[in-house]
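Notes to accompany the following structure.
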Amino acid sequence: MDNVYVARLDALRNVMREAGIAAVVVPQADPHLGEYLAAHWQVRRWLSGFTGSAGDLVVTLDRALLWTDSRYFIQAAAQLDGSGIELMKDGLAETPSIAAFLCSALPAGSRVGVDGMLFSAPALEALASRLESAGIDLDCHFDPVGRLWSDRPALPDGKIFVHDSKYAGQSARRKIEDVLGAVKGEGAAAVFVSALDEIAWILNIRCNDVRHTPVATSYLYLSEADKVLFIAEAKLTDETRAYLASEGVRTQDYGAVTAFLAALPESVRVLVDPARTSGAVMDILGSRAVATAVSPAAVMKSVKNDVQIAGVRDAMVRDGVALVKAFMEIERRMADGEATTELDVAALLHEYRSQGDLYFDESFGTIAGYADHGAIVHYEADAASNAQLQPRGLLLVDSGAQYLDGTTDITRTIALGEPTAEEKRDFTLVMKGHIALANTVFPAGTRGAQLDAIARQFLWKNGLSYLHGTGHGVGHFLSVHEGPHSIRLNNVEAPLLPGSITSNEPGLYREGVHGIRCENLVLCRELMETEFGTFLGFETLTLFPFDRSLFDTSIMTEEEVAWVDNYHALVRERLWPALENAAQRAWLDVHTASLATI
């Protein structure tokens with residue numbers, strides 16, 4: 001089989017045989033356990049060719065298998081073709097867990113190898129325990145990639161910069177004080193932070209180490225006596241050194257972190273979030289580590305202050321203006337019969353967004369999926385897959401931007417011709433769920449899993465569903481996917497808090513036909529206080545119209561129609577003054593007109 005990935009897996013197996021390893025598990029992870037990785041850590045991608053942001057590769061001496069979730073079933077099947085790697089559809093009842101597969105596939109006395117820096121402590125403990133029950137050992141120090149990947153990208157060396165408090169709304173020194181205050185409440189004297197987005201938030205620093213996510217490769221140790229940022233010297237400038245010093249933070253080299261932790265006095269108690277800290281680091285800390293269910297910095301970061309919220313509202317206006325320009329151009333090209341592809345759509349969005357004030361980058365790679373490509377949940381067009389738009393069918397566009405004052409994420413599904421009855425019905429059922437969630441009122445302390453079915457109910461009633469989550473947290477000029485809260489079927493203990501920003505994005509995907517997703521960002525707000533407690537709800541932040549031609553008002557209630565009309569009136573009110581000419585305003589007027597005019 002002539003495939004570069006076959007050759008790479010064969011080379012890996014040779015190293016495994018030399019080391020007496022019967023299987024290796026390669027996660028999509030870095031030592032900071034984030035969702036998005038720098039090129040240096042894209043090991044699973046290099047070995048398999050699969051480019052999704054979630055999925056783990058298992059290689060035995062005679063098989064290779066890749067576990068990934070429903071967002072990537074279609075994409076993974078295509079990308080793994082010819083590699084000999086079997087697709088394991090994670091989350092389906094018939095798909096065993098990785099641990100269960102290893103226990104059934106390997107004889108007692110076997111050894112499974114992993115790099116302990118790439119797994120959280122709980123994940124390593126669970127895997128080791130399950131393997132032990134089958135008489136299989138787990139070696140947490142197996143890292144053969146260095147000798148196999150000869151042209152591996154170096155660790156990122158981009159310069160960090162300061163995220164001004166006029167956008168962040170709070171100084172780093174104040175955030176450090178707040179975090180250390182929370183640490184004391186957990187019975188610890190210090191905190192060790194591996195998560196890159198938390199470090200960026202605490203210190204008000206940003207960088208470009210990870211594509212579309214402005215974080216810096218680093219670790220952070222905080223105590224009353226010592227505050228240390230572990231970061232490569234090449235990433236610092238005189239300005240950022242002075243800034244960090246002014247906030248009471250000193251620096252050490254990125255590679256010095258393990259020796260520093262190992263040298264801490266045994267009496268020091270260091271708070272860590274096990275889910276965001278590698279097992280190898282936890283082993284070094286040993287009894288000094290005090291585990292917390294959720295990092296206090298993650299919770300604080302998720303609750304936006306007034307300055308951040310005002311910035312996001314302003315960013316949404318600029319984002320909406322850019323989208324008006326881009327979608328006007330798409331419509332013009334389609335009307336003129338000008339050849340336009342999925343990559344052209346992505347380029348238009350980038351072009352118009354980048355013209356706006358305070359623009360820094362896209363917040364993720366644009367998903368522009370035409371027709372059946374829209375059913376690939378995290379599709380990203382490339383030269384091989386790039387489809388040309390036709391005057392029929394649906395175009396799903398999921399995109400966003402990083403502005404200095406906020407992060408955006410929006411999905412719109414539009415008809416490129418006269419929509420069919422099925423397209424309109426599918427779209428409207430998705431929108432009914434979107435509207436229901438947007439209108440939901442719930443008591444303080446509610447978790448996302450308690451709200452998720454609200455967005456799915458209309459699909460479920462028609463025997464339809466989607467497998468991804470309904471909502472994810474969104475950072476402020478940080479990660480477009482932010483915890484600890486989310487809205488999804490599986491329970492996440494973190495409640496929705498006033499000030500948190502979450503996506504509202506139900507969808508429906510017919511493989512080989514079309515995909516539909518309707519996404520706005522919403523702000524959790526306190527609505528009222530009664531004798532039964534505090535009640536919360538959502539304020540919609542995103543400002544761009546939905547495609548009116550896709551609504552089937554015959555299956556909508558009066559209240560649902562009114563919600564769409566009121567939302568479009570808000571979009572028109574906020575965007576109209578920021579548009580540049582009469583043509584743009586006329587376009588907006590048409591696309592935000594009442595559904596009664598359809």
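The values are calculated or read from the model by the stated rules, or taken from the named source; none is laboratory data. The shown structure was predicted, so the numbers you read here are calculated from the model rather than taken from an experiment. So basically every Cβ, Gly included, is an ideal-geometry build from the backbone, and we count neighbours across all protein chains shown. Just the protein is used for accessible areas: all its heavy atoms, side chains included, with ligands, DNA and RNA removed. Shrake-Rupley method; radii C 1.70, N 1.55, O 1.52, S 1.80 Å.
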With a bin width of 5 angstrom, please list the P(r) values of segment 172-326 as percents of all Cα-Cα pairs, from the 0 bin to the one holding the largest distance. 2, 8, 17, 20, 19, 14, 8, 5, 3, 2, 1, 0, 0
Given segment 298-340 reduced to its alpha-carbon atoms as identical point scatterers, what log10 I(q)/I(0) does the Debye formula return at q = 0.18, 0.26, 0.29, 0.34 Å⁻¹? -0.63, -0.85, -0.92, -1.01
Cα-based Rg then Dmax for segment 356-398, in Å, read 12.3, 36
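Among the listed pairs K175/K227; K159/K227; K227/K301; K166/K304; K166/K325; K424/K461, give every one whose C-alpha distance is greater than 24 Å. All intermediate terms of the calculation are to be shown ahead of the outcome.
On the way: K175/K227 13 Å; K159/K227 20 Å; K227/K301 19 Å; K166/K304 14 Å; K166/K325 29 Å; K424/K461 17 Å.
Among K175/K227; K159/K227; K227/K301; K166/K304; K166/K325; K424/K461, the Cα-Cα distance tops 24 Å for K166/K325.
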With N residues in segment 1-149, what two-decimal value do you get for its Cα radius of gyration over 2.2 N^0.38 Å? 0.97
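Determine the relative contact order of segment 355-505: mean sequence separation of Cα pairs under 8 Å and six or more apart, normalised by residue count, in whole percent.
Details: 264 pairs, mean separation 30.5, N = 151.
The normalised contact order for segment 355-505 reaches 20 percent.
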Based on the Kirkwood radius over alpha-carbon pairs, what is the Stokes-Einstein translational diffusion coefficient of segment 1-84 at 10 °C with 1.306 mPa s viscosity, in µm²/s? 120
How many nm separate the modelled label positions at E580 and S554, each set 7 Å beyond the Cα in the direction of the Cβ? 4.3
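When a/c reaches 1.5 or more, the comparison of a/b and b/c decides; with that in mind, is segment 132-186 rounded, prolate or oblate per its Cα gyration tensor? Walk me through the numbers before you get to the answer.
Details: a/c = 5.50, a/b = 1.54, b/c = 3.57.
Oblate, since a/c reaches 1.5 and b/c is not below a/b.
Which whole-number value in Å² is the accessible area per residue of the chain, probe 1.4 Å? Walk me through the intermediate numbers first.
Details: 23260 Å² over 598 residues.
Solvent-accessible surface per residue comes out at 39 Å².
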For Cα pairs less than 8 Å apart in space and 6+ apart in sequence, what is the mean separation divided by the residue count of the chain, i.e. the relative contact order in percent? 11
Expressed as a rounded percentage, what relative contact order does segment 470-536 have, with Cα pairs under 8 Å and six or more residues apart? 25
Portion, in percent, of the accessible area of segment 426-563 that falls on carbon or sulfur, probe 1.4 Å: 52
Of every hundred units of 1.4 Å-probe accessible area on segment 204-259, the number belonging to carbon and sulfur atoms, as a percent, is 53
Per q in 0.25 1/Å, what log10 I(q)/I(0) does a Debye calculation on the alpha-carbon atoms of segment 520-598 return? -1.16
Rounded to the nearest Å, what's the spacing between the alpha carbon centres of segment 173-240 and segment 43-64? Just the number, please. 31
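Which three numbers, in whole Å and largest first, are the semi-axes of the equivalent ellipsoid of segment 102-244 derived from its Cα gyration tensor as √(5λ)?
Numbers: eigenvalues 272, 94, 27 Å².
So the equivalent ellipsoid measures 37, 22, 12 Å along its semi-axes.
Quick one: divide the alpha-carbon radius of gyration of segment 301-457 by 2.2 N^0.38 Å and tell me what you get.
Values: Rg = 17.4 Å, N = 157, 2.2 N^0.38 = 15.0 Å.
Expressed relative to 2.2 N^0.38 Å, the Cα Rg reads 1.15.
Starting from the Cα coordinates of the chain, work out the convex hull volume and express it per residue in Å³. Don't skip to the answer; put the middle values down first.
Working: hull volume 99.8 nm³, N = 598.
About 167 Å³ per residue, rounded to a whole number.
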Can you give me the Cα centroid spacing of segment 257-277 and segment 459-491 in angstrom? 32
Sticking to Cα atoms, compute the Rg of segment 238-377 to one decimal and its Dmax as the biggest Cα-Cα distance, whole number, in Å. 23.5, 73
Report, to the nearest whole %, how much of the accessible area of segment 302-424 belongs to carbon and sulfur atoms, 1.4 Å probe, protein only. 49
Under 5 Å, built H, 5+ apart or other chain: amide partners of M88: L66, W67, T68
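So for segment 459-598, Kirkwood radius off the Cα pairs, Stokes-Einstein at 20 °C and 1.002 mPa s: how many µm² s⁻¹?
Numbers: Rh = 17.5 Å.
Result for D is 122 µm²/s.
Write out the GluC sites (Glu not before Pro) in segment 221-307 meeting two conditions: DSSP loop, and at most 14 other Cβ atoms within 10 Å of their Cβ.
E224, E266
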